[in-house]
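These notes are about the structure you will find just below.
The values are calculated or read from the model by the stated rules, or taken from the named source; none is laboratory data. The model shown is predicted, which means the values in this text are computed figures rather than measured ones. Positions of Cβ are generated from backbone atoms using ideal geometry, with glycine treated the same way; all protein chains shown enter the neighbour counts. Just the protein is used for accessible areas: all its heavy atoms, side chains included, with ligands, DNA and RNA removed. Shrake-Rupley method; radii C 1.70, N 1.55, O 1.52, S 1.80 Å.
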Amino acid sequence: MTVRVRFPPSPTGEPHVGNLRTALFNWLFARHHGGTFILRIEDTDRDRVVPGAMEAIMDALLWLGLHWDEGPDPQDPTHDIGPYGPYVQSRRLPIYQRYAQELVEAGHAYYCYCPPERLEQVRKEMVRQKLPPRYDRHCRYLTDDQRRELEEKGLPRVVRFKTPLAGETSFYDLIRGTITVKNETLDDFILLKSDGYPVYHLASVVDDHLMSITHVLRGEEWIPSTPRHILLYQAFRWQPPHFAHLPMILGPDKAKLSKRHGDMSVRELKGKGYLPQALFNFLGLLGWSLDDHTEIISQETFIRHFDLDRISPSPAIFNIEKLNWMNGVYIRSLSQDELASLLEPFFSRRLGSVNVDLLKQAVPLIQERIKTLEEAVAMAAFVFLPGTMEYSVQELLGKAFAQRPQEARTALEAACSRLEGLEVWDAQTLEESMRTLAQRLGLRTGDFFMLLRVAITGRTVSPPLFQSMQLVGKERTLLRLRDAVRRLC
Ligand code: GLU
């Protein structure tokens, strides 16, 4: 059997971490088994479709390197790649209508003419009786005459599934084992709406069958839908695919993942400067593990080892600190040129175009210190800014000089005259010179260097001071030190 899996997002907004994890697991499963990874767009819930969301999903997949073998053509999404298209459900309406009709004819489904007001009344009544609110199956029991009469009136109608009233429905989940529900807990769910659009259950089952999907890997939140799907497969006399429901993703406090935990859309993650390689690695471990300790895993290793037997049924914990750490690891593994070219757009977005040579020289200073590309901008802006820096006198003086600004001023003046006289402007010379000066002034080097650091970089935390000064160059260093002196007058 050749594995065929699908990632079928609904284009209802920006894709988030959870969507991408599902996509990644399907992709890895396909690649591991030499199978086919299919992108299908489930856009039949027209009220929820957001313009541009389909493109955002495709961009996110491509950015992460999850290329699909079949699905909308990334170059032109109005076209399809693959023999089972269209892969956008709104382009397949006649197919669903035909199958819904087939179920009606076979006695597995029926037309329901109940107007919204009646449904609402039924719902209220159920709630009043403390019953789960659901359709009372009124139209299931219409006589042929009644049905004809309603048809003649030309009333809008939906197609509902004739769920068995008794018995049980079971399926085997490859991660969780057998799951069984009593049919009496299921309702006569809608298959086709009055506007001719299918509901998710029908569209999903029909497409999974017609697209020869072998394995359905999707989030745990879809478990309640699966018995309905099984009933549909039975009604159609089709062989269902294998099912595996992936563990949900929670925050470290075990609550539903949200912004507060650092959940972000893929666009936001990209904008903050997370590397796709790092996100790939991080997402790959949200529910799957190689062993009990390995964290940094290459794409090849993932593909070689990824299978369902190491997916845990218990929730995966999204820990943004871990993602940050991992991103730092991947940033450090880049060559300096690679990092410089990734950083360039981040710097130019904030500072206008930057000198690429200078950026390349700054890379060694920041590579070890950043966890996201975005962080580099605040950390190294001082290298590119032409004039003086922004900071408060309080920051400049810090604790050490808070009570003795005069002394700070004298020290900065002394630094200026020392540095003016320097012929050689490299980190080593600068360091030697400033250390000697600190000694001569009777200052603790740490205190003195902090003064220089704030004046030159505008921050109390910066890349190594003397390498920074070397990069900033003599002219701007002196300009910034003199400016600091002026602020203390
Ligand atoms: N369209 C559903 C979603 O938004 C697909 C669920 C499934 O995989 O069956 O995720």
Inset, instruction - Taking G273 as meeting all but one of (1) within 15 Å of the ligand (Cβ to nearest atom); (2) of a type outside the set (D, E, K, R); (3) closer than 20 Å to L61 by Cβ, write down the number of the exception. - result: (1)
Inset, instruction - Assess whether L443 counts as being over 46 Å from the mean Cα position of the chain (by Cα), part of a loop (DSSP other than H, G, I, E, B) and crowded, with 17+ Cβ neighbours inside 10 Å. - result: yes
Legend entry - Members of the stretch 287-302 that are surrounded by fewer than 19 Cβ atoms within 10 Å (Cβ to Cβ), outside any loop (DSSP other than H, G, I, E, B) and within 20 Å of the chain's Cα centre (by Cα): Q299
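In this structure, is E420 among the acidic types (D, E) and closer than 24 Å to I366 by Cα?
The answer is no for E420.
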Inset, instruction - Those residues that are open to solvent by less than 60 Å² (accessible area, probe 1.4 Å) and either under 17 Å from E221 (Cβ atoms) or among the β-branched types (V, I, T) (or both), I need them from the stretch 316-330; list them, please. - result: A316, F318, I320, V329
Legend entry - Among (1) surrounded by fewer than 21 Cβ atoms within 10 Å (Cβ to Cβ); (2) among the small types (G, A, S); (3) assigned to a helix (DSSP H, G or I), the one test that G196 misses: (3)
Inset, instruction - Show the residue pairs that are 6+ apart or on different chains and have beta-carbon atoms under 8 Å apart, the first residue being within the stretch 408-424 and in contact (Cβ under 8 Å) with a residue 12 or more places away in the chain, the second being assigned to a loop (DSSP other than H, G, I, E, B). - result: A408/L488; R409/L488; R409/C489; A411/L443; L412/L488
Inset, instruction - List every residue pair whose Cβ atoms lie under 7 Å apart, where the two residues are 6 or more positions apart in sequence or sit on different chains, the first residue falls within the stretch 123-135 and is under 18 Å from D188 (Cβ atoms) and in contact (Cβ under 8 Å) with a residue 12 or more places away in the chain, and the second residue, located anywhere, is open to solvent by less than 80 Å² (accessible area, probe 1.4 Å) and not aliphatic (A, V, I, L, M). - result: R134/D187; Y135/D187; Y135/D188
Inset, instruction - Test V49 against the criterion of being of a type outside the set (G, A, S), open to solvent by 10 Å² or more (accessible area, probe 1.4 Å), within 12 Å of the ligand (Cβ to nearest atom) and in contact (Cβ under 8 Å) with a residue 24 or more places away in the chain, and give yes or no. - result: yes
Legend entry - Condition check for V199: within 16 Å of the ligand (Cβ to nearest atom) and touching a residue at least 24 places away in the same chain (Cβ under 8 Å): yes
Legend entry - Every residue from the stretch 10-39 that is open to solvent by 10 Å² or more (accessible area, probe 1.4 Å), near the ligand (Cβ under 10 Å from one of its atoms) and under 25 Å from P83 (Cβ atoms): S10, T22
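Only one residue in E42, E105 is under 30 Å from P164 (Cβ atoms) and either within 13 Å of the ligand (Cβ to nearest atom) or in contact (Cβ under 8 Å) with a residue 60 or more places away in the chain (or both). Which one?
So the residue among E42, E105 that is under 30 Å from P164 (Cβ atoms) and either within 13 Å of the ligand (Cβ to nearest atom) or in contact (Cβ under 8 Å) with a residue 60 or more places away in the chain (or both) is E42.
Quick one: is E55 of a type outside the set (G, A, S), part of a helix (DSSP H, G or I), free of Cβ contacts under 8 Å to residues at least 60 places away in the same chain and away from the ligand (no atom under 13 Å from the Cβ)?
When the stated conditions are applied, E55 passes them.
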Inset, instruction - Within the stretch 415-425, identify whether any single residue is surrounded by 20 or more Cβ atoms within 10 Å (Cβ to Cβ) and assigned to a loop (DSSP other than H, G, I, E, B), and answer yes or no. - result: no
Legend entry - Members of the stretch 219-242 found to be away from the ligand (no atom under 11 Å from the Cβ) and open to solvent by less than 20 Å² (accessible area, probe 1.4 Å), listed by number: P227, I230, L231, L232, Y233, A235, F236
Inset, instruction - Please give the number of the condition L397 fails out of (1) open to solvent by less than 40 Å² (accessible area, probe 1.4 Å); (2) at pLDDT below 95. - result: (2)
Legend entry - Flag for R148 being open to solvent by 60 Å² or more (accessible area, probe 1.4 Å) and within 25 Å of Y233 (Cα to Cα): no
Legend entry - Selected residue (only one of V206, V159, V216, V127 is outside any loop (DSSP other than H, G, I, E, B), within 24 Å of A100 (Cβ to Cβ) and away from the ligand (no atom under 16 Å from the Cβ)): V159
Legend entry - Within the stretch 60-89, considering residues that are in a helix (DSSP H, G or I) and touching a residue at least 60 places away in the same chain (Cβ under 8 Å), the one most open to solvent (accessible area, probe 1.4 Å): W63
Inset, instruction - Output the number of residues of the stretch 347-367 satisfying the condition of being under 20 Å from W325 (Cβ atoms) and within 25 Å of the chain's Cα centre (by Cα). - result: 1
